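Undergrad: My structure is below; once you've seen it, I'll send some questions.
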Ligand code: ME8
């Protein structure tokens, strides 16, 4: 099993688990697609992968959402959790485990961890007086809040980070000696790759060194929070939802059965939950005697047409609706082609359609059509092709050859670092070179002159390019890549990453039978109201 493999032979990657208080939007899709692309990439590089995702279902926020919906909390969670599952599957995310924090296997782990922390002396009974942000499920100090004008002009207090309203709480709760772990956390952070991109590691170190770490409340009285896991030694308290939620990563690892898959290789998170994952989480783990994760990969947020997504503005992009409108392939492609993990990104339907049409329909799909259409490729073959054939095509052929042989290293380097957008940029440039060969050599004219050897020389160079590119694009657009590789009749065993490299094709091979169009152009978007004003 995975658990027995060394950390460099297996690959355990996770997404955050999603709050079930609203329908999945493109921010959630991005986290998922980014994780799925990395999981697929590692798989075709030969790793044994565990990709875990799921839903975060306890806490005051969910309790309130269920009440507002007039629904029993468990039924409410079942319903929304299914929506997340559906949205993630529509985005072709091929997860291995889908955890819900209301499952028994998880509740057992959380209670066991609580007991360990208690036995090791890291928990004490105290009290909390201060601010709490229900939307973020976060305890905040005075300086982490600020006053802003409310909807009616009267000042309200909000989280300085998220801008969401906070309430004053005074209650008894159990506390975790977070203050005792500052040194351990700084030691963990010495390794530059534990938090990526690098600017986020800087943020964490600044939080840890600027002020003293306060201890953390990790329970709520049951009359305040019913919808939670009970503290095993004191059922009058429920366990703080973030302690509960973070340990989902240990549950999916198979703990407490031995052996379990630990530590995670990479945990993908949004920048808004960095503090929970880079301070609380490793501190809990170290305290309980576990190794902290090898790496946190932090991504920024998506705005929509320049604005923060929000229910009140009404600009939240629903994943299922977007995928149905433009196809899951186009949605995935856009998120990975346009999404830069280290900076905020903007989602626009118009731009998505333009990018997908120009890259997938024109640059890729059209090239395939030109190489395989029966009018030109009368024998329906992938011809044999040698290095010398590229050079025989003149400067354009040599340019294509050089671009193609440099591509694998370029793309691997970028994909290794979650810079899928940069890898895709290189792939698109190589495809452009192939299109230039087509455009300058005009095989359709050579065919009219019956120069079929010359025709197949051109087709051979372009088909070989498409084969390499098709393998590389599997993590990005899995179903489209598989259709492409099927058409090129690339055997399933020849689709691993080490085959994504120019290889002289000594024998010609027949093409696959499916001649349907690879990617249908998406009809232009209707101009939005804003654009017509
Ligand atoms: O935070 N753009 O759940 P969540 C990009 N349950 N990513 C976004 C985004 C946006 N506009 N909005 C949200 C939680 N996300 C907790 C996690 S893990 C133990 C518990 C990302 O449903 C966000 O950054 O609010 C986070 O990574 C993920 O979606 C889940 O957010």
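Undergrad: According to the square roots a ≥ b ≥ c of the eigenvalues of the Cα gyration tensor, what is the shape class of segment 314-356, taking rounded for a/c under 1.5, prolate for a/b larger than b/c otherwise, and oblate for the remainder?
TA: Here segment 314-356 falls in the oblate category.
Undergrad: Dividing the convex hull volume of the Cα atoms of segment 291-334 by its residue count, what figure in Å³ per residue is obtained? Working shown, then result.
TA: Details: hull volume 6.2 nm³, N = 44.
Considering the Cα atoms of segment 291-334, their hull volume per residue is 141 Å³.
Undergrad: Something else now. Determine the relative contact order of the chain: mean sequence separation of Cα pairs under 8 Å and six or more apart, normalised by residue count, in whole percent.
TA: Working: 857 pairs, mean separation 80.8, N = 533.
Over the chain, the number comes to 15 percent.
Undergrad: For segment 448-486 and segment 170-210, what is the separation of their Cα centres, given in Å?
TA: About 49 Å separates the Cα centre of segment 448-486 from the one of segment 170-210.
Undergrad: Sort 176, 502 by Cβ crowding within 10 Å, fewest neighbours at the top.
TA: The order, fewest Cβ neighbours first, is 502, 176.
Undergrad: Mean projection of the alpha-carbon convex hull of segment 1-63 over all orientations, in nm²?
TA: 5.2 nm²
Undergrad: Moving to a separate point now. Helix 104-119 versus the longest principal axis of the chain: what is the Cα-based angle in degrees, 0 to 90, to the nearest 10?
TA: 50 degrees
Undergrad: A further question follows. What fraction of the Cα pairs in segment 381-533, stated in percent, has a spacing above 24 angstrom?
TA: The proportion of pairs with Cα distances above 24 Å equals 38 percent.
Undergrad: Another question, then. Taking one equal scatterer on every alpha-carbon of segment 285-416, how large is log10 of I(q)/I(0) by Debye at q = 0.10, 0.16, 0.18 1/Å?
TA: Here log10 of I(q) over I(0) equals -0.60, -1.04, -1.14.
Undergrad: I'm a student and want to see the number: the projected area of the Cα convex hull of the chain, averaged over all directions, in nm².
TA: Across all orientations, the chain yields a mean hull projection of 27.8 nm².
Undergrad: Please rank 524, 419, fewest neighbouring Cβ atoms within 10 Å first, as an exposure proxy.
TA: 524, 419
Undergrad: Where does each of 139, 169, 420 land when they are ranked from fewest to most other beta-carbon atoms within 10 angstrom?
TA: The fewest-first ordering by Cβ neighbours comes to 169, 139, 420.
Undergrad: Could you give the angle, 0 to 90 degrees to the nearest 10, between helix 328-338's Cα long axis and the longest principal axis of the Cα atoms of the chain?
TA: 80 degrees
Undergrad: No solvent, one uniform scatterer per C-alpha: report log10 I(q)/I(0) for segment 381-453 via the Debye equation at q = 0.11, 0.17, 0.21 1/Å, two decimals.
TA: -0.35, -0.72, -0.94
Undergrad: Could you tell me the center-to-center distance, by alpha carbons, between segment 249-291 and segment 1-27 in angstrom?
TA: After rounding, the separation between the Cα centres reads 11 Å.
Undergrad: Now for a different question. Over all Cα pairs of segment 48-144, how is the pair count split among 5 Å bins, expressed in % and running from 0 up to the last occupied bin?
TA: 2, 10, 14, 15, 19, 18, 13, 7, 3, 0
Undergrad: Let me check against my output: what whole-number percent is the relative contact order of segment 1-139, with C-alpha pairs under 8 Å and at least 6 apart?
TA: Values: 149 pairs, mean separation 37.9, N = 139.
RCO, segment 1-139: 27 percent.
Undergrad: Here's a follow-up. In segment 80-232, what is the volume of the convex hull around the alpha carbon atoms, normalised per residue and reported in Å³? If you can, show how the numbers build up before the last one.
TA: On the way: hull volume 30.1 nm³, N = 153.
It comes to 197 Å³ per residue, whole-number rounded.
Undergrad: Another question, then. Quick one: P(r) of segment 218-269 from all Cα-Cα pairs, 5 Å bins, percents rounded to integers, in order of increasing distance.
TA: 5, 19, 20, 18, 14, 14, 9, 1
Undergrad: Oh, and also: Computed over the Cα atoms of segment 168-303, what is the convex hull's projected area averaged over all directions, in nm²?
TA: With the hull built on Cα positions only, its mean projection is 10.0 nm².
Undergrad: Could you tell me the extents of segment 126-215's C-alpha atoms along the three principal axes, largest first, rounded to whole Å?
TA: Reported extents, whole Å, longest axis first: 48, 33, 20.
Undergrad: Also, I was wondering about something else. Compute the convex hull volume of the Cα atoms of segment 144-194, divide it by the residue count, and report the result per residue in Å³ as a whole number. If you can, show how the numbers build up before the last one.
TA: Values: hull volume 6.4 nm³, N = 51.
Output value, Cα hull per residue: 126 Å³.
Undergrad: How big, in percent, is the set of alpha carbon pairs in segment 426-516 lying more than 16 Å apart?
TA: Taking all Cα-Cα pairs of segment 426-516, the fraction more than 16 Å apart is 57 percent.
Undergrad: When the helix-only estimate is applied to the chain (DSSP H runs of n ≥ 4, each -39,500 (n - 2.57), divided by the residue count), what is the mean residue ellipticity at 222 nm, nearest 500 deg cm²/dmol?
TA: Helix contribution divided over all residues of the chain: -13000 deg cm²/dmol.
Coordinate-derived values only; no laboratory data. These numbers come from a predicted model, not from an experiment. FYI the Cβ positions are ideal-geometry reconstructions off the backbone, even for glycines, and counts take in every protein chain you see.
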